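Working notes, beginning with the structure itself.
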Amino acid sequence: MENSDVLDETDKAILRILQKNSHLTVKELAEKVHLSPSPTFERQKRLERLGYIDRYMAVVNPHKVGNNILVLCNIRLKQHTQQLIQEFMDAVQHIDEITECYNTSGDFDFLIKVYIKDMKSYQQFMLHKLGTIPCIGSLNSIFVIDHTKSTRGVPIPK
């Protein structure tokens with residue numbers, strides 16, 4: 001296989017399979033894509049080297065570790081200056097409860113995903129963590145009742 005940035009169907013199959021189960025051995029992965037282990041290993045390493053695979057990680061069940069509430073917070077900054085945007089982006093990097101942060105268009109500037117133990121913990125989070133970020137103008141908290149889909153993967157075009 002060339003060292004180019006073009007994916008063939010086997011590369012795409014490897015990505016789809018690893019998104020579902022990155023714990024597979026090279027031998028198991030090779031069987032699923034109908035190749036021998038050596039070229040499968042080389043393809044996987046190439047996909048890593050080219051940045052198609054960012055990292056491997058365990059997906060932890062939030063309820064098992066005591067994070068019973070998922071909150072999506074829409075954040076509006078006080079002003080749209082480069083300094084305040086950067087200040088907010090830097091601040092969220094150091095807050096463990098925030099697992100994802102998106103810069104968005106529309107009525108709000110950012111959407112953050114927060115896992116928290118309970119409502120009292122959320123109140124403390126609001127007062128002592130989000131409340132200490134001076135560039136926040138307003139926020140809207142959305143409490144997730146239940147999730148109906150959570151793949152954590154991205155679609156791989158055919």
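A few notes on this one:
- Database remark: amide H of residue 137 closer than 5 angstrom to the amide H of 76, 77, 78 (H placed geometrically; neighbours at sequence offset of 5 or more, or on other chains; Pro and chain starts carry no H).
- Order by protection proxy (mean Cβ within 10 Å, highest first), peptides 39-47, 55-63: 39-47, 55-63
- Whole-Hz ³J(HN,Hα) from phi, Karplus 6.51 cos²θ - 1.76 cosθ + 1.60, for region 83-92, glycine and proline x: 5, 5, 4, 5, 4, 5, 4, 5, 5, 5
- Scattering curve values for region 1-122, log₁₀ I(q)/I(0), Debye with Cα scatterers, q = 0.11, 0.14, 0.20 Å⁻¹: -0.62, -0.82, -1.01
- Electrostatic bookkeeping for residue 30 treats Lys and Arg as +1 and Asp and Glu as -1; over the other residues with beta carbon under 12 Å from its beta carbon, the sum is 0.
- 3J(HN,Hα) from dihedral phi, region 74-81, Karplus parametrisation 6.51/-1.76/1.60, rounded to Hz, x for glycine, proline: 8, 10, 10, 7, 5, 9, 9, 10
- Rounded percent of accessible protein surface that carbon and sulfur make up, region 1-85, 1.4 Å probe: 52 percent
- Scalar couplings 3J(HN,Hα) for region 55-72, obtained by applying the Karplus form with A = 6.51, B = -1.76, C = 1.60 to θ = phi - 60°, are 6, 10, 7, 8, 9, 8, 6, x, 5, 5, 9, x, 8, 8, 10, 10, 10, 9 Hz; x denotes Gly and Pro.
- As a rough guide to protection, the peptides 133-146, 105-118 ranked by mean Cβ packing within 10 Å, highest first, stand as 105-118, 133-146.
- Heavy atoms of the protein chains alone define the surface here; on that basis region 1-127 has 67 Å² accessible area per residue at 1.4 Å probe size.
- A full extension of the chain between residue 121 and residue 140 corresponds to an added length of 5.1 nm, given 0.36 nm per residue minus the alpha carbon distance.
- Within the chain, helix-based [θ] at 222 nm, where runs of 4 or more DSSP H residues each add -39,500 (n - 2.57), nearest 500: -10500 deg cm²/dmol
- Residues with amide H under 5 Å from that of residue 24, placed H, sequence gap 5 or more: none
The values are calculated or read from the model by the stated rules, or taken from the named source; none is laboratory data. All figures in this text were calculated on a predicted structure; none of them were measured in a lab. Note: ideal-geometry Cβ built from the backbone for every residue, glycine included; neighbour counts use all protein chains shown. Side chains are part of the model used for accessible areas, which takes the heavy atoms of the whole protein and leaves out ligands, DNA and RNA. Shrake-Rupley method; radii C 1.70, N 1.55, O 1.52, S 1.80 Å.
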